[in-house]
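The values are calculated or read from the model by the stated rules, or taken from the named source; none is laboratory data. What you are looking at is a predicted structure, and each value in this text was computed from that prediction instead of being measured. As a convention, Cβ positions derive from the backbone with ideal geometry for all residues, glycine included, and neighbour counts pool all protein chains shown. Areas reflect the complete protein model, heavy atoms only, side chains present, ligands, DNA and RNA absent. Shrake-Rupley method; radii C 1.70, N 1.55, O 1.52, S 1.80 Å.
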Amino acid sequence: MSPTDADDLTQDVFLRLLSRRKDNAIDNFEGYVYRIATNVLNDFRRRSAIFDDKPFEDHCHENHEWLIDRIDAERIVLAREALMTLRAALDGLDERTRTVILLYRLDRMRQREIAKKIGLSVSSVEKIIVKAMVHLARAMRSS
């Protein structure tokens, strides 16, 4: 794991903290943050195992039965609804914020790269990402 990966994971922990429901009291805040950090790290490890440097075609020919889950009509409908909600939430962002979050999440660019490409400070890019993630989390939660 690189230092930039660690920075990204730390930011993801804070985003999950910011997007949690405010009406739920937390009895053990330190334990709660630890659990979020553990989940973020586990997600990172899963993604890393799937999206390493091998070409996509190599993954297609490997045996990944553990990744295959039951697909049925209900799951397809729910996934389409979630995608429509996400699309609407993305459309609700201003163009610069939408561009930054798409570069960050879809193109997997680092904040420093995005800042250089768009002509912003790294701090500005970080703030835009937090703003976008909170907006998207709220939209997905409310659907």
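Considering only region 117-130, I want to know if a residue exists there that is touching a Phe, Trp or Tyr at 6+ places or on another chain (Cβ under 8 Å), open to solvent by 40 Å² or more (accessible area, probe 1.4 Å), touching a residue at least 12 places away in the same chain (Cβ under 8 Å) and within 19 Å of S19 (Cα to Cα). There is at least one residue in region 117-130 that is touching a Phe, Trp or Tyr at 6+ places or on another chain (Cβ under 8 Å), open to solvent by 40 Å² or more (accessible area, probe 1.4 Å), touching a residue at least 12 places away in the same chain (Cβ under 8 Å) and within 19 Å of S19 (Cα to Cα). Taking (1) at pLDDT below 90; (2) not in a loop (DSSP other than H, G, I, E, B) in turn, T99 satisfies each apart from (1).
Checked against (1) open to solvent by 70 Å² or more (accessible area, probe 1.4 Å); (2) at pLDDT 75 or above; (3) in a loop (DSSP other than H, G, I, E, B), L93 meets all criteria but (1). In region 102-143, which residues are assigned to a helix (DSSP H, G or I), modelled with pLDDT under 90 and not aliphatic (A, V, I, L, M)? The answer is R105, R138, R141, S142. Go through region 32-51 residue by residue and tally those that are open to solvent by less than 70 Å² (accessible area, probe 1.4 Å) and modelled with pLDDT under 75. The qualifying residues number 3. Looking across E57, E62, one residue alone is at pLDDT below 70, open to solvent by 100 Å² or more (accessible area, probe 1.4 Å), on the phi < 0 side of the Ramachandran plot and acidic (D, E). It is E57. Conditions: (1) at pLDDT 65 or above; (2) closer than 29 Å to K127 by Cα; (3) open to solvent by 90 Å² or more (accessible area, probe 1.4 Å). R75 meets all but one. Number of the miss? So the condition that R75 fails would be (2).
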